[in-house]
């Protein structure tokens, strides 16, 4: 088996073997997914707690929602299972503080798609995981890759904190944006990643194409880019061809293509939008449909070798399928993986440069 995978026992197995009470920290979609996995594994939930600001004497899934301090008064020794995503230093610090006082796990449940990321899953895909590991361009990428996989199996947050890079470091050392970028932003949200890029290019660029399918997000994006020259905003999804797709609008970062929805949005491919013209930098954060977006940019990638920034964390298979696809389309790419501040392993991205 792969030498860089050291965690053999999943957090689900550890939790099933636990004799101490298990409390879930957080509510919402993440908690629902974890509770569903608990039912399959036969893991018992003892209760729910939330951050003080969210406790209003209410219940969640039949459990009274407590404060952590209340749980600590009731129970001497218990296990904490984190059920929400944290991307701000203050919240990450709070999670680490809880982990210093209690056994804490952060189970990895896919944002999109089914299945759980276990050692057995890695064994089934060992050849692909090894191919990606061997193709990475530097030792630090290999360390990040190993840590992310070991985290996804074990749910132990120390694997993430050991390989967290700052946005500035990634831009300056890997992306190195210049003043003449033709930037394609897939999943442009409210313009936050355009703003990010502008900070490193002092507001200079040649042109920007920004795609955002959610109408409410698109309104914010259009307002942000209003008055900017050579910026083209499209209220559409990124896809492998030009078509229409069913879409679940949630007016936030979780809006996504959903084949269960009867609401449709326009979808475009990068190759169609650019119509043979070059791109120098493409960002893809399209909620689990990165592979389709990559295929839609295949000609642009093959002809112009744009720098790529691609999310690797929406589906279980993204961690190996996306790097292998990009390497297949353009073998000359050097592949790097970095993880930015986030618990769980969201904001783990692939950076491809020639």
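The values are calculated or read from the model by the stated rules, or taken from the named source; none is laboratory data. Please read these numbers as outputs of a predicted model, since none were measured by experiment. Please note: Cβ atoms are built from the backbone with ideal geometry, for glycine as well, and neighbour counts cover all protein chains shown.
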Practice problem: For the stretch 49-61, state whether one or more residues are within 30 Å of residue 132 (Cβ to Cβ) and assigned to a loop (DSSP other than H, G, I, E, B). | Solution: no
Self-check item: When residues of the stretch 3-36 are limited to those that are without any contact (Cβ under 8 Å) to a residue 12 or more places away in the chain and not in a helix (DSSP H, G or I), the one surrounded by the most Cβ atoms within 10 Å (Cβ to Cβ)
Solution: 3
Practice problem: Please list, ordered by first then second residue, the pairs with beta carbon atoms under 6 Å, 6 or more apart or interchain, first in the stretch 89-116 and free of Cβ contacts under 8 Å to residues at least 40 places away in the same chain, second crowded, with 19+ Cβ neighbours inside 10 Å. | Solution: 102/80
Exercise. For the stretch 313-347, name all the residues that are closer than 24 Å to residue 2 by Cβ and without any contact (Cβ under 8 Å) to a residue 40 or more places away in the chain.
Key: 318, 322, 325, 326, 328, 331, 333
Quiz prompt | Filtered residues of the stretch 111-127 (kept if touching a helix residue (DSSP H, G or I) at 6+ places or on another chain (Cβ under 7 Å) and assigned to a helix (DSSP H, G or I)) | solution = 119, 122
Practice problem: Considering (1) in contact with a helix residue (DSSP H, G or I) (Cβ under 9 Å, 6 or more places away or on another chain); (2) part of a helix (DSSP H, G or I); (3) closer than 24 Å to residue 248 by Cα, say which one residue 210 fails and leave the rest. | Solution: (2)
Exercise. Looking only at the stretch 118-134, count how many residues are more than 21 Å from the chain's Cα centre (by Cα), over 29 Å from residue 15 (Cα atoms) and in contact (Cβ under 8 Å) with a residue 40 or more places away in the chain.
Key: 1
Quiz prompt | Entirely in the stretch 226-294, the strands (runs of 3 or more DSSP E) that have 1 or more residues that are modelled with pLDDT of 95 or more and farther than 22 Å from residue 349 by Cβ | solution = 231-234, 243-248, 264-268
Quiz item: Of the conditions (1) over 30 Å from residue 233 (Cβ atoms); (2) within 17 Å of the chain's Cα centre (by Cα), residue 192 fails just one. Which one is it?
Solution: (1)
